[in-house]
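Student: Shown below is the structure under consideration.
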C-alpha cells in the first residue's frame, strides 16, 4: 500500500447521544461487551497497514486516553510513528476547535511532519469494518483529489448529513447536505482519503478564506466539477447517532453473521483487562446473549449484552438489556430494555423497563 | 547509586511433566492451559508482581516454544522493564562446557551470572507447576526476621499423601532440623511447596559446592537443602495457608479446574486484590444460547449446546445438541452437533466430530483404575472423526 497516515476524530456530534457522552467522547462509548467505538477505525487502520495515527481529541477525553494508553494493544506503541494524541491546540485567537475544519487545522502541524504521501481521515462514530488500503488503491487508480467513502442504505427518519450523486464510475457529481430524502441513497460515512499535501493545502486555503464548515464550504463546492470520487463500502455499517441506534448496533451482534463479519478474524483490537472467565451457577439461564469475562450469572439473561464483571443475582431476569462493565444487578430484579452505564448497582427486587425505541438509560455510577 | 534488586525470582520451568501425558507432548508443563484462559505459569508470575518482585528468570529446557512465545517480553504481567523484568533463560553453549540443565540446582548454577547482574540480597526459587496465590513478600519478611539462610515454604498435607512430598521436620520455632525427600515413613505432615528463599551469598556457595560433588544429582530437594542443613546453616520453614495445588497429574489438573466452579469456589479467581494476569486473548464476549450450568466460559466461545460442570476455554464452539459435562476444554476446540464429552480434559485446537462420544459419565468412569483415574485425555490439535467413540480413561495423542 502507498505510504499512508491516519487521522481519527474521536469526538464528533457527541451531542447526538448525550446520555453516553456525558462522561466521555464519542470514540470511547463502550460497545459490544468489550469494545469502544474508536476501536473500529483504529484497528482497521492498523489492519490496512497504517502505522502512524493521529487522534484528534476535543473534550472529555480522559476516558479515551485511559482506553488508548500507549497504543500497544493496536501495535501502535512505536519509536517511529505509532499513536499520537492531538489534543486541542489553540493559538491566541481561539480556544477549543468549533468544527471539523478547525480540528483539521489543529492537526496540520502533525501532518506536515509526516512523510507519508496519503492521509485517511475517519470519524469514530460508527461500527464498521473497512479496509482502508482498498480506498487508497482506488484513490491512486482514479488519481482523484479526494475519495469519500459512502455506504448505501435506506434513508432514515433523521436527515442524513451528506448524500452523494455519482456517475457510473463513482465520480461524485454533487452532494446533498441535510436534505430530506427517501429510498436507498449513498450516505457519506465520514471517511475520506487525500494526498497529504493536497489536504494541507485545502485546510490552509479554507482557513484563509474564513470558511467554517469542512463539508459545506469545502467538500460541496469541490464536488461541483471537481475531481472527487466516492468509494463504496459494502460491509456492515451502523452509525451511532442516538441511544436508539446505539441499542440497535449492540443487538445486531446477537446475529451470528454480523458477529462473524466484525469479529470472526479477531482483528478488532481493544484494551485488555485481565478478568477471570465468566461464571454460570446452578441457577443460571442464558439465552441468545453475549457474556464477557468477569461476569457472574446466577439469574436469567435473555437477548442481552453483558460487559466485563457484571453480576446478575439469583432470580433476577434481564431481557433485551445492555449492561456495561462492573454492574451489580441484585436478586429478583426485573429489567427489560435497559441500557446501564458502567459501575451501576441495582438493589434487590428492582423492576425497570424501557422499549426498543426508547431504552431505559441509567447513568454511570448510579445506585438504585 | 548502583542499581540493584533486593530479591530476584528464578522460576524452574524446564520440567517435562511426563505425568500429564498427551498434554505435554509438545509443550512444557508451565505452559499447560488452566482455568479457561490461563496457563499454569500465570500463577507464579502474577504472584511475583503482586509481591513486588519485578525481576524473574524463567528457566526453560523442555519444548519451550509455546512457553517462550507466551511469556514474551512479560508485558501481560507488567514485567516488561528497562532494568529487571522477565527473562527466558535457556541452556547455552559456554567456552569450556556445554550442557543441558542437569537438575534444578544445576539450572540455577548455570545462571548465577544472570542473578549477579542484579546483585540481590535474596533469591526466590519457584517452580512452574502449582496453582496458588501467595504473597512472597511476607515470606521474605519472615526470612529476614529469622535471620535465615534458607526459608522453605510448606503446608500441611494429609498424612497418607505425605510420602509424595519433600517433608520438613521442624522445631517449635519453625527452624528445620531434618529434610526428607519423599520419605517412606514420614515423621510429619509438613510438605515443602518447592518455594525457597535463599540469602544470595549462601545460595552461590552451596550451588558451587554441589556442582563440584560428582555424586550429586544436582537437585535442590535431594542435594542442596540437605547439604546446607548438614553444614549447620539456619534453615526455617514458612507456613502457607490457603489454596495450593500441584497440577502435575491428570486427575489433580482436573480437580484444580473444578475447584474454580460455583459461586463460592474453593479457589477464587474473582477477588480483585490479587489479580492473576494472563496474556488475555483478543476475542469478543462469549455468545451463549444453550444451557450452561455451574460452569466457566471464557471470551470468544460460541455455546449453542449444553455445558454442565465444565471449564470452557477461549474460542471454543459447542454446537447445537452437543453436550459437555464434567470436563475441561482448554481452548479453540470445536464440539460438533450431537457430540458428547464426559469427564475429559481436551487440549487446545481439538475437533470433536458430529455424534461422536468422548469419555463416559463421571460415576462410571471414575471407577476405572489407570493412569488417569478414568479421565479421558485428548492431546493438542487432534481430530475425533464423526460418530467415533473414545472410551473413558484413554489418553489420545493422534487422530481418531
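Student: For the protein assembly as shown, what proportion of DSSP beta bridges, expressed in % and rounded to the nearest 5, is antiparallel?
Tutor: So the antiparallel bridges amount to about 35 percent of the total.
Student: Report, as an integer, the average count of C-beta atoms from other chains found within 10 Å of each Cβ along A:248-256.
Tutor: 1
Student: Return the whole-Å distance between the Cα centroid of the stretch B:327-351 and the Cα centroid of the stretch A:9-37.
Tutor: Centre-to-centre (Cα) distance: 39 Å.
Student: OK, next. Students often check this: by mean Cβ neighbours within 10 Å, which of B:56-62, A:311-317 ranks highest, and how do the rest follow?
Tutor: The peptides rank, most packed first, as B:56-62, A:311-317.
Student: With the convex hull built on the Cα atoms of the stretch B:222-322, state its orientation-averaged projected area in nm².
Tutor: The number I arrive at for the stretch B:222-322 is 9.8 nm².
Student: Can you quote the Å³ per residue value for the convex hull of the Cα atoms in the stretch B:103-160, rounded to an integer?
Tutor: Looking at the stretch B:103-160, the number lands at 142 Å³ per residue.
Student: While we're looking at this one, here's another question. Over 24 Å apart: what share of the alpha carbon pairs of the stretch A:214-368 falls there, rounded to a whole percent?
Tutor: For the stretch A:214-368, the fraction of Cα-Cα distances above 24 Å is 41 percent.
Student: Follow-up. Could you give the distance between the Cα centres of the stretch B:77-149 and the stretch A:251-267, to the whole Å?
Tutor: 45
Student: 222 nm [θ] for chain B, helices only, -39500 (n - 2.57) per DSSP H run of 4+, per residue, to 500?
Tutor: Rounded to the nearest 500, the figure is -4500 deg cm²/dmol.
Student: Hey, another quick one. Averaged across the residues of B:32-38, what count of C-beta atoms belonging to other chains lies within 10 Å of each residue's C-beta?
Tutor: Taking the mean over all residues of the peptide, I get 2.
Student: Another question about this same structure. Give the order of A:168, A:282 when sorted by the count of other beta carbons within 10 angstrom, beginning with the fewest.
Tutor: A:168, A:282
Student: Provide the convex hull volume over Cα atoms per residue for the stretch B:267-400, in Å³.
Tutor: 113
Student: Kirkwood hydrodynamic radius (Cα pairs, Å) of the stretch A:189-229?
Tutor: For the stretch A:189-229, the Kirkwood estimate is 10.9 Å.
Student: Where the centre of each part is set by its Cα atoms, how far does the stretch A:45-70 sit from the stretch B:185-241, in angstrom?
Tutor: 52
Student: Additional query: Could you tell me what a quarter of the Cα convex hull surface of chain A works out to, in nm² with one decimal place?
Tutor: 18.5
Student: So what's the convex hull volume per residue for the Cα atoms of the stretch A:19-162, in Å³?
Tutor: With only Cα atoms used, the stretch A:19-162 gives 156 Å³ per residue.
Student: Then there's this: With 5 Å bins from zero, work out the P(r) of the stretch B:31-102 over every alpha carbon pair and list the percent per bin.
Tutor: Per 5 Å bin, starting at zero, the Cα-Cα P(r) for the stretch B:31-102 comes out as 3, 15, 24, 22, 17, 11, 5, 2, 0 percent.
Student: Return the tail of the calculated pair distribution for chain B, meaning the percent of Cα-Cα pairs more than 32 Å apart.
Tutor: Here the tail beyond 32 Å accounts for 37 percent of pairs.
Student: Taking the mean number of other Cβ atoms within 10 Å as a proxy for protection, how do you rank B:96-107, A:124-135 from highest to lowest?
Tutor: A:124-135, B:96-107
Student: In addition: Per DSSP helix of 4 or more residues, -39500 (n - 2.57); summed, then divided by the residues of chain A. What does that give at 222 nm, rounded to the nearest 500?
Tutor: Mean residue ellipticity, 222 nm, calculated: -5500 deg cm²/dmol.
Student: Normalise the Cα radius of gyration of the protein assembly as shown by 2.2 N^0.38 Å (N = residues in it) and let me know the number.
Tutor: 1.09
Student: Now, a different point. What average number of partner chain Cβ atoms lie no more than 10 Å from the Cβ of the residues making up B:269-275?
Tutor: What the average comes to for B:269-275 is 3.
Quick note: the coordinates plus some simple rules give every number you see, no bench work behind them. Bear in mind that the values here come from a model prediction, so they are computed numbers and not experimental data. Methodologically, a virtual Cβ is constructed for each residue, glycine included, from the backbone with ideal geometry; neighbour enumeration extends over all protein chains shown.
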